[in-house]
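One structure below.
Every number here is computed from the coordinates shown, using simple stated rules; none is lab data. Nothing here was measured: the structure is a model prediction, and the numbers come from that model. Cβ atoms come from the backbone with ideal geometry, glycine included; neighbour counts cover every protein chain shown.
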Amino acid sequence: MDIESRLRVLESRYRQALSTAVGAKANYLALLDEPGSTPAAIQRAKLQWERLEARRRAVAARMGEIEDLEHGRTD
């Protein structure tokens with residue numbers, strides 16, 4: 001697979017990861033403001049958001065690595 005194709009695939013994964021992370025953060029913040037939310041539910045939502053955010057960052061890092069390959073950088 002060439003570099004451009006790999007980047008397109010990663011960009012698609014990034015958009016999906018970003019979308020799910022934003023949704024998870026919104027859910028977490030909503031639970032914080034909801035008077036009936038249990039601490040356990042808030043903690044689960046926070047962990048879910050953090051997990052999805054870590055995935056988004058990992059995809060972004062991989063995109064950076066591929067872009068560096070494309071430009072011949074090996075820092």
Note to self, the chain gives a 222 nm [θ] from helices alone (DSSP H runs n ≥ 4, -39500 (n - 2.57) apiece, / all residues, nearest 500) of -30500 deg cm²/dmol
Expressed as a whole-number percentage, the relative contact order of region 3-70 with C-alpha contacts under 8 angstrom and at least six residues apart is 50
Here the FRET efficiency for Ser37 versus Ala60, based on Cβ atoms and R0 = 35 Å and rounded to 0.05, is 0.70
Surrounding charge for Tyr28, neighbours by C-beta under 13 angstrom, Lys/Arg +1, Asp/Glu -1, total 0
Everything considered on the Cα gyration tensor (a ≥ b ≥ c; rounded for a/c under 1.5, else prolate if a/b is larger than b/c, else oblate), region 3-70 must be described as prolate
With label points set 7 Å from each Cα along the Cα-to-Cβ direction at Leu47 and Ile3, the distance between them in nm comes to 4.1
